[in-house]
Number of protein chains: 2
Amino acid sequence: MSKEVISRSLEEQREQLGEYLLSGQKARASLLTGRLPIRNGFFTTNAHARNAYTPQEIVGGISDSEVLLPELLKKAGYVNKIVGKWHLGHRPKYHPLKHGFDEWFGSPNCHFGPYDNKERPNIPVYRDWDMIGRYYEDIQINHKTGESNLTQIYLQEALNFISKYGSTKQPFFLYWAIDATHAPVYASKPFLGSSRRGLYGDAVREIDSSIGKILELIKNMGIAKDTFVFFTSDNGAALISAPNQGGSNSPFLCGKQTTFEGGMRVPGIAWWPGQLPPGQVSFQLSNIMDLYTTSLALAGLDPPGDRPIDGIDLSPVMLEGKVTDRPIFFYRGNEMMAVRLGLYKAHYWTWTNSWEELSQGINFCPGQNITGITTHEQVEHDFNPLLFHLGRDPGEKYPISVLSNEYQQVMPRISYVVRQHMESLIPGEPQLNVCDLAVMNWSPPGCEKIGKCLNPPESKPWKCIWPH
Amino acid sequence: MSKEVISRSLEEQREQLGEYLLSGQKARASLLTGRLPIRNGFFTTNAHARNAYTPQEIVGGISDSEVLLPELLKKAGYVNKIVGKWHLGHRPKYHPLKHGFDEWFGSPNCHFGPYDNKERPNIPVYRDWDMIGRYYEDIQINHKTGESNLTQIYLQEALNFISKYGSTKQPFFLYWAIDATHAPVYASKPFLGSSRRGLYGDAVREIDSSIGKILELIKNMGIAKDTFVFFTSDNGAALISAPNQGGSNSPFLCGKQTTFEGGMRVPGIAWWPGQLPPGQVSFQLSNIMDLYTTSLALAGLDPPGDRPIDGIDLSPVMLEGKVTDRPIFFYRGNEMMAVRLGLYKAHYWTWTNSWEELSQGINFCPGQNITGITTHEQVEHDFNPLLFHLGRDPGEKYPISVLSNEYQQVMPRISYVVRQHMESLIPGEPQLNVCDLAVMNWSPPGCEKIGKCLNPPESKPWKCIWPH
């Protein structure tokens with residue numbers, strides 16, 4: 001019997017976990033392509049070292065030239081479903097069913113809003129090819145109480161999919177991309193007020209409970225030993241939204257939007273009864289891109305041979321307890337900000353955000369301020385990168401002295417790895433440079449069937465502004 | 001059969017724990033008296049809101065009028081031993097064997113040094129009534145390599161004591177006060193380099209391994225179901241010593257020396273096979289003082305009825321899962337800085353340390369700086385205490401607005417509790433006001449037997465200076 005693969009994406013409280021994957025902005029594209037954003041095009045060149053994403057006005061999305069995980073799995077007979085947030089482009093050419101998925105329930109963008117449908121349309125919700133409604137019109141999220149049934153709807157979609165294909169021995173891949181812990185945070189009525197951690201904690205509890213129900217179904221159907229489940233998140237906690245709408249990064253420095261550990265560390269939990277002994281902790285340095293390669297390996301497939309793949313196969317890590325020494329490169333937009341090798345991390349550039357943003361109250365490191373490290377100018381440390389030992393100093397507070405033996409021994413190894421990476425790197429075509437109000441979700445496919453089409457304004461493309 | 005009681009004191013990595021006790025400076029006196037330092041005399045009035053302790057030059061110590069836990073247990077037939085750091089006064093009148101303990105192996109002060117035995121003597125190590133040597137002379141700690149066998153010696157003392165009395169059905173109390181994670185941090189050779197967290201991590205691993213051996217012995221002797229074991233620490237991680245000589249406070253603000261959560265939260269783990277189900281987490285707000293009352297209750301004893309006791313009996317919490325609503329008052333020296341009630345914490349005074357100290361590099365909140373909260377002047381917030389919800393905001397970064405409904409509803413309840421506490425409080429006689437070089441460990445009892453007596457200088461008492 002072939003193996004089923006389920007992935008999950010979640011921002012959540014992570015104090016309890018022994019080890020972490022590394023992730024960061026643009027994780028969804030990396031998860032599905034196995035490649036760094038600088039290769040798969042999920043970056044901008046409009047300004048130096050900027051985080052870009054896919055709001056409604058973005059023109060770009062995932063390129064046809066990228067080979068997504070579900071495309072490959074499909075060839076091996078898998079049926080693939082995405083539940084929740086897609087975020088790899090919302091224009092018709094980027095539709096997930098054109099990139100390997102067979103089913104979709106969810107949205108192309110974040111559940112921001114409500115909008116007025118004049119200046120800006122509300123975000124559509126799709127079932128497969130067609131939109132079935134819009135947030136704040138047909139799918140409710142109450143900002144005042146935080147109440148929404150959305151996670152329950154996503155849960156039901158997951159359970160139905162697993163029931164349908166799990167019973168027929170049909171191999172399946174479910175990408176369960178819930179977003180209840182992304183601001184604006186929400187939970188359904190039974191979970192409101194159920195945590196000691198406010199609405200954010202309530203959302204985490206609802207996700208936790210939902211995952212319990214998914215695992216229970218898999219066990220009850222007798223397919224657990226053939227179903228690989230992986231739980232992770234797309235970036236560290238968004239401290240800018242904390243405490244009411246964001247999580248905690250515990251000892252790690254800063255949060256989402258930065259290349260400090262607080263922006264990069266995410267939980268990584270694998271579940272596969274009968275194959276993976278429970279309660280194991282691996283110190284393997286890994287990244288969300290590895291799930292691409294790992295999933296392919298578990299399905300008996302090879303990754304594409306015609307392009308660099310950054311993910312590694314974690315199955316020897318999980319099944320045999322092996323650990324591989326490999327670097328991870330931390331990009332912000334078009335710049336390699338930092339690199340991790342073993343327990344060392346070297347920052348070649350530091351930047352949290354601009355003084356201008358900071359003075360407006362936009363702070364990605366609330367309560368944290370370390371001279372020379374959490375800089376508000378873009379500072380290049382090319383000659384003497386800031387070096388940290390994340391075992392002794394997970395909070396990146398105490399750079400290792402440039403004059404120390406340790407620095408002199410470690411940096412040449414890191415420099416070599418960086419040089420190798422840079423020399424062979426061919427950046428992809430940047431997809432996140434152009435914005436246009438005309439491409440917003442005015443008239444998504446299917447809008448005509450439910451009378452939800454809106455008139456787009458005239459097309460006036462501009463270079464998107466990414467302030468941080 | 002009566003119950004055996006073992007307590008442990010340890011500063012350690014605490015990221016893995018579900019809930020925390022509260023503790024702080026002067027925890028040892030509170031542990032053994034069940035009372036706040038402001039009552040048992042472990043504070044100073046030399047200046048406002050200062051942390052004092054018992055260095056070699058301190059004249060004071062634990063008062064004869066305090067009734068220590070081992071004194072009461074002794075009356076009920078227990079044999080009591082302290083292994084490790086005493087720290088309740090080193091002059092003969094404060095000797096632990098004069099305050100209820102039957103056996104002692106360890107030291108009256110911290111293992112600082114080496115000293116020259118002229119300006120300042122090395123700290124003595126006692127077996128029972130007599131000193132048997134001094135640190136850096138007879139008991140080695142290598143600052144360069146971090147190597148010392150001290151934890152192994154303390155372990156052997158514990159194992160011998162348990163073996164001796166556990167086999168005779170003699171009820172016993174062991175206070176295992178190891179100090180390997182207190183700067184200067186040390187570990188024995190097999191543990192050096194064994195962690196990913198430097199010497200500090202090695203010390204934690206050695207303590208962890210030692211505790212494993214103690215629990216194993218208790219199980220192998222068949223006395224586990226009659227032996228209550230509790231593991232905790234005397235204060236939050238000393239960030240001033242981090243990362244090489246100190247731990248991490250994870251999401252909590254600041255560290256040891258402050259009344260922020262990073263100075264106060266400590267792990268609390270109870271072990272009692274057959275009585276306490278493993279893996280339970282309690283949300284009971286508790287404090288190291290509670291171990292006094294709890295231990296007495298488990299031994300079938302009442303706390304003294306002639307004085308206020310601040311500790312509560314945790315046995316209903318552990319055995320029946322009950323939770324009691326009770327306040328905890330956070331003192332710094334002679335000042336109530338903050339109070340905790342449920343998940344709320346109100347700061348009446350804020351102070352990390354002085355600008356003068358900070359400018360010398362003494363920083364109790366490295367990398368953390370929150371305007372109006374981590375103040376470097378002593379700031380009174382009497383009219384509008386800074387209020388935090390530690391469920392939503394464990395890092396004390398987002399004070400609740402004074403104008404909010406939440407503040408208006410919660411603060412009157414807290415004010416009422418504070419008023420009640422203040423109206424009934426009678427401070428004890430401050431023991432930590434007077435210093436004198438003549439009282440240092442020049443000629444501890446037994447020094448004559450081993451030729452280790454030194455001549456004290458002339459007595460010139462002064463008011464001790466406590467800078468923070």
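The values are calculated or read from the model by the stated rules, or taken from the named source; none is laboratory data. This structure is a prediction, so every number in the text was calculated from the model and none was measured. Ideal geometry is used to build each Cβ from the backbone, glycine not excepted, and the neighbour counts take in all protein chains shown. To get the accessible areas, we keep the full protein, side chains included, count just its heavy atoms, and leave off ligands, DNA and RNA. Shrake-Rupley method; radii C 1.70, N 1.55, O 1.52, S 1.80 Å.
Would you pick out the residues in region B:108-146 that are among the charged types (D, E, K, R) and either assigned to a loop (DSSP other than H, G, I, E, B) or in contact with a Ser or Thr (Cβ under 7 Å, 6 or more places away or on another chain) (or both)?
If the condition is that a residue be among the charged types (D, E, K, R) and either assigned to a loop (DSSP other than H, G, I, E, B) or in contact with a Ser or Thr (Cβ under 7 Å, 6 or more places away or on another chain) (or both), then B:Asp116, B:Lys118, B:Glu119, B:Arg120, B:Asp128, B:Glu137, B:Asp138, B:Lys144 are the ones that fit.
Would you point out the residue of region A:379-398, among those that are assigned to a loop (DSSP other than H, G, I, E, B), away from chain B (no Cβ under 14 Å) and open to solvent by 60 Å² or more (accessible area, probe 1.4 Å), that is modelled with the highest pLDDT?
Restricting to residues being assigned to a loop (DSSP other than H, G, I, E, B), away from chain B (no Cβ under 14 Å) and open to solvent by 60 Å² or more (accessible area, probe 1.4 Å), the top hit is A:Asn384.
Quick check on region A:199-215: of everything there that is of a type in the set (Gly, Ala, Ser) and open to solvent by less than 10 Å² (accessible area, probe 1.4 Å), which residue is farthest from the other protein chains (Cβ to nearest Cβ)?
Here the residue is A:Ser210.
I need a count of the residues in region A:135-147 that are over 22 Å from the mean Cα position of the chain (by Cα) and crowded, with 21+ Cβ neighbours inside 10 Å.
Residues meeting the conditions: 1.
Pick out the one residue from B:Arg120, B:Arg127 that is touching a residue at least 60 places away in the same chain (Cβ under 8 Å), assigned by TED's automatic domain parsing to the domain that holds B:Gly236 and surrounded by fewer than 21 Cβ atoms within 10 Å (Cβ to Cβ).
On inspection, the qualifying residue turns out to be B:Arg120.
Spot the failing condition for B:Leu17; the list is (1) hydrophobic (A, V, I, L, M, F, W, C); (2) part of a loop (DSSP other than H, G, I, E, B); (3) at pLDDT 95 or above, and only one is missed.
For B:Leu17, the failing item is (3).
Filter region B:259-302 for residues that are surrounded by 24 or more Cβ atoms within 10 Å (Cβ to Cβ), within 14 Å of another protein chain (Cβ to nearest Cβ) and in a loop (DSSP other than H, G, I, E, B) and give the result.
Within region B:259-302, B:Phe260 is the sole residue that qualifies.
Just give me the residues in region A:216-237 being of a type in the set (A, V, I, L, M, F, W, C), closer than 30 Å to A:Gly367 by Cβ and more than 14 Å from every other protein chain (Cβ to nearest Cβ), in sequence order.
Correct list: A:Phe231 only.
Which numbered condition in (1) assigned by TED's automatic domain parsing to the domain that holds A:Asn46; (2) open to solvent by less than 40 Å² (accessible area, probe 1.4 Å) is the only one that A:Thr350 fails?
(1) is the only condition that A:Thr350 fails.
Of the conditions (1) open to solvent by 20 Å² or more (accessible area, probe 1.4 Å); (2) closer than 22 Å to B:Leu36 by Cβ; (3) outside the structural domain of B:Pro399 (by TED's automatic domain parsing), B:Tyr344 satisfies every one except a single condition; which number is it?
Result: B:Tyr344 fails condition (3) only.
Here is a list: A:Ala183, A:Ala237. Which entry is surrounded by 22 or more Cβ atoms within 10 Å (Cβ to Cβ) and of a type outside the set (Val, Ile, Thr)?
From the options A:Ala183, A:Ala237, the qualifying one is A:Ala237.
Looking only at region A:216-231, which residues are touching a helix residue (DSSP H, G or I) at 6+ places or on another chain (Cβ under 8 Å) and either surrounded by fewer than 18 Cβ atoms within 10 Å (Cβ to Cβ) or assigned to a helix (DSSP H, G or I) (or both)?
Result: A:Leu217, A:Ile218, A:Met221, A:Ala224.
Specify which of the listed residues (A:Leu72, A:Leu97, A:Leu32) is modelled with pLDDT of 95 or more, assigned to a helix (DSSP H, G or I) and closer than 27 Å to A:Gln140 by Cα.
Only one candidate qualifies: A:Leu97.
Considering only residues that are more than 28 Å from the chain's Cα centre (by Cα) and open to solvent by less than 30 Å² (accessible area, probe 1.4 Å), which ones fall in region B:409-427?
Listed by number, the residues that qualify are B:Val410, B:Met411.
Table: residues versus (1) under 26 Å from the mean Cα position of the chain (by Cα); (2) part of a helix (DSSP H, G or I); (3) among the aliphatic types (A, V, I, L, M); (4) away from chain A (no Cβ under 13 Å).
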position	(1), (2), (3), (4)
B:Met337	yes, no, yes, yes
B:Lys345	yes, no, no, yes
B:Glu357	yes, yes, no, yes
B:Gly361	yes, no, no, no
B:Gly372	no, no, no, no
B:Thr375	yes, no, no, yes
B:Ile400	no, no, yes, no
B:Tyr407	no, yes, no, yes
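Taking only region A:147-176 into account, find how many residues are part of a helix (DSSP H, G or I) and among the charged types (D, E, K, R).
Number satisfying all stated conditions: 2.
How about region B:446-468: which of its residues are surrounded by 15 or more Cβ atoms within 10 Å (Cβ to Cβ) and assigned to a loop (DSSP other than H, G, I, E, B)?
Matches in region B:446-468: B:Gly446, B:Lys452, B:Cys453, B:Leu454, B:Pro456, B:Cys464, B:Trp466, B:His468.
Output yes when any residue across region B:312-322 is closer than 14 Å to B:Phe230 by Cα and either in contact with a Lys or Arg (Cβ under 6 Å, 6 or more places away or on another chain) or basic (Lys, Arg) (or both), and no when none is.
no
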